[in-house]
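For reference, the structure discussed in these notes is given below.
Please treat every number below as a calculation from the coordinates, not as lab data. Quantities reported herein were computed from a predicted structural model and do not represent experimental measurements. As a convention, Cβ positions derive from the backbone with ideal geometry for all residues, glycine included, and neighbour counts pool all protein chains shown.
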Amino acid sequence: MILSRESRQGLTLISPPFLYAILMLAAPMVMVVTFSFWTQNYLDLDRTPTFANYREAWTGEIFRVLMLRSLMISFFVTTVTVLLAFPIAYFLSFHVKRQKALWLFLITIPFWTSYLLRIFLWKVILGYNGVLNSALMGLGLIDEPLDFILYNVPAVIITLAHAWAPFAILPIFVALERIDRSLLEAAEDLGDGPVRRFLRVTLPLAMPGVLASTLIVFIPTVGDFVTPRLVGGPDGVMIANLIQVYFSKANNAPLATALAVSSMLIVASISLVIFLIGRKIGGRTQ
Amino acid sequence: MTQNAIIEIEGVSKAFGAVTALNGVDATIREGEFFSLLGPSGCGKTTLLRLIAGFDEPTDGTVVIAGQSMAGIPANKRPTNMVFQSYAIFPHLSVADNVGYGLKRKQMSREEINRAVTDALAMVDLAGYGNRAAHELSGGQRQRVALARALVMKPKVVLLDEPLSALDKKLREQMQVELRQLQQQIGITFILVTHDQEEALIMSDRIAVLFEGEIAQLDTPEVLYRRPVSKRVASFIGVMNFLPATITAKAKGALAVDIPSLGKVSLAAGHAPEGLDPASVSTIGVRPEMLTILFDDAEKAECETTGEVTATSYCGDMTYYSVLLPKADEAVTISMRNTAGRSIVPAGTKVRVGWGVESVVLFD
Ligand SMILES: Nc1ncnc2c1ncn2[C@@H]1O[C@H](COP(=O)(O)OP(=O)(O)OP(=O)(O)O)[C@@H](O)[C@H]1O
Ligand SMILES: [Mg+2]
């Protein structure tokens, strides 16, 4: 095969990242998938290919419950995050005239501390002797600390939504920035008031950003493991916690990988659906 | 063309912080006319257009459209539609949806909208393009879609902000003619912003020349070209030769003018622009095509002088001669049509230059 100069150049350029991607992404994936077809016999692995792990995963009550809960939590987190991110991105893009860079910089400040620290901060805020309870007691609104605000699903949602907010703001901001302002004037010129203009021009054109935000938040939060572990309590356990248990305490890596692959497929299909719906709403933007 | 005013601009000023973009602009735009706002970059053309459209409010003064003051009335409630410089075609909508965008709000059935869109597209020569996506259009086609989108609204006034500046020369010239024809055909008032004087001359019924936020002159193309009120307007529109001159006597209805390079003549008083004090006249202007080189000894002109050709530039149908007239510091430009059998005289040749009194314009 004779390659043109240009394609040779292109190949040279993409080879290193491509190799890196294979090594870091594809190889572990292949391992995970392979493992999921094996069987764990106490200390050694039976390498005869089998669907037994998948059968166990899909028929077991616990996988279904935790998967649904993870999806539900993630769905809430995504909705809350994107809905809160949109007005912030909108404000930044349309109402901040000077020093947008400074504002963006401020938004990234939560990222200066580690994810773990931020979760612990929420523990401090929501905890039994935490900031929220102390404040409410100090105000005389409650007599003793509320014990239902930490270690449950809402605590997981709040913590995750906060952690992922900047990731959601940035794509929407970029999409809004890319909207040619004369398009908005054209809509106004053609008779639209602010609300109709927003619905007919701004929102459809921001759709690629909203979509990106949705996927960016949805995909990783389904598989989040630290937050439910630290603030979720027994009711807030998610699918990743189950996988972790099978990997470590239960010492059943094949079943764990089968769970991982299953949840990955589910997340991938849902993401695809979200993507297609978004594309439809967004129309033929490009 | 009727003479009814459709837009009255009364003492309109606009300041952006410390920048004064418009300063006391007065103008009346008549129903059905093709009106151009002409001026150099930054003179406030776009600002004035946006004030009419309702995207900005004047700092001072009022804009009246169809007898109604537009103060406080937002763009979506004004009887104007705009063709944006960037065309502002909605990228997420098809051509038909772009054109029908503004109709969706009106009380119209789907069939009526479809018919109106089809008609509008046909009007701009884009019949059958309705299903195209916005990005599948060429620059000229985008411009037509933007125009159709404005026309379909049946506005009282169509505002166009340099609609042709993004097109190449050939297409631009073609669109100038088409746009003019279309406007005459449908009879809607057009206000065109342009910095291209040729474009303004070709297309307009009347032109307002703007300099630094003020109207320097508002006239028909012909008057603007033949009787510019100031040296600045004269040199902005076409080419003008300036020569020093003085008024030596002022009789009733006539001015005796001494132009050292051309001679002494008597001009009708109407030659001085309105408001110009004859005593302050220090310069006259004459267009290159109003001066003639008399190649043939037998040729005669109303007035004559002599000069020496210093340079020539050949442009196919025309030749531009630089001719140094007596007592002049700078050479004047004379344009001559290249007729059959006439050869171009070289630099250094002494020539007779003919001119007419009518073509002289007085300036201070
Ligand atoms: N939104 C604004 N904020 C501040 N100054 C502005 C604004 N819009 C226009 N100006 C200023 O007002 C003046 C007139 O601008 P305008 O856009 O009307 O010029 P123009 O005649 O359309 O020029 P061009 O031919 O370059 O488009 C300029 O000095 C410009 O800098
Ligand atoms: Mg402009």
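For the reader, a short list of remarks on this structure follows.
- Ordering B:S138, B:S343 from the fewest to the most neighbouring beta carbons within 10 Å gives B:S343, B:S138.
- Ascending count of other beta-carbon atoms within 10 Å, so fewest first, for B:K104, B:K252: B:K252, B:K104
- Cα gyration tensor, the stretch B:221-323 - rounded (a/c under 1.5), prolate or oblate: oblate
- Considering only A:I62, A:I73, A:I243, the mean-square fluctuation computed in a Gaussian network model of chain A, springs between alpha carbons under 10 angstrom, is largest for A:I62.
- Principal-axis tilt of helix B:169-186 within chain B, Cα atoms, nearest 10 degrees: 70
- Rounded to 10°, Cα long-axis angle of helix B:110-123 versus longest principal axis of chain B: 20
- Cα-based reach from B:K350 at 15 Å (exclusive), listing aspartates and glutamates while leaving out same-chain residues under 8 positions away: B:D296, B:D297, B:E304, B:E308
- Residue-averaged beta-carbon neighbours from other chains (10 angstrom radius) around A:194-201: 2
- Among beta bridges identified by DSSP and lying wholly in chain B, the antiparallel ones come to about 75 percent.
- Fluctuation leader among A:P228, A:P110, A:P17 - chain A, Gaussian network, Cα springs under 10 angstrom: A:P17
- Rounded, prolate or oblate (a/c below 1.5 giving rounded, otherwise prolate when a/b exceeds b/c) for chain A by Cα gyration tensor: oblate
- Helical segments meeting 15 Å axial Cα length and Kyte-Doolittle 0.0 threshold in chain A (DSSP H): A:61-90, A:115-126, A:153-177, A:203-222, A:253-282
- Cα gyration tensor category, rounded, prolate or oblate, for the stretch B:285-357 with a/c compared to 1.5: rounded
- Counts of other chain beta carbons within 10 angstrom of each beta carbon in peptide A:129-141 average 0.
- For the peptide B:70-77, the mean number of other protein chain Cβ atoms found within 10 angstrom of a residue's Cβ is 3.
- Under the combined filter of DSSP loop state and at most 16 neighbouring Cβ atoms within 10 Å, the stretch B:233-300 retains these GluC sites (Glu not before Pro): B:E274, B:E299.
- Loop chymotrypsin sites (Phe, Trp or Tyr not before Pro), the stretch A:33-93 (other Cβ atoms within 10 Å of the site Cβ: 15 or fewer; DSSP): A:Y42, A:F51
- Taking A:E56, A:E188, A:E177 as the candidate residues, the one with maximal mean-square fluctuation in a Gaussian network model of chain A, Cα springs under 10 Å, is A:E188.
- With neighbour counts taken as other beta-carbon atoms within 10 Å, the residues B:K250, B:K170, B:K14 rank, fewest first, as B:K170, B:K250, B:K14.
- Neighbour-limited loop hits for trypsin sites (Lys or Arg not before Pro), the stretch A:1-81 (at most 12 other Cβ within 10 Å; DSSP other than H, G, I, E, B): A:R47
- For the cross-link pairs B:K300/B:K327; A:K100/B:K106; B:K231/B:K327; A:K280/B:K156; B:K14/B:K154; B:K14/B:K77, the ones whose C-alpha atoms lie over 27 Å apart are A:K100/B:K106; A:K280/B:K156; B:K14/B:K154.
- Cα-based helix-to-principal-axis angle, B:139-151 vs chain B, degrees rounded to 10: 70
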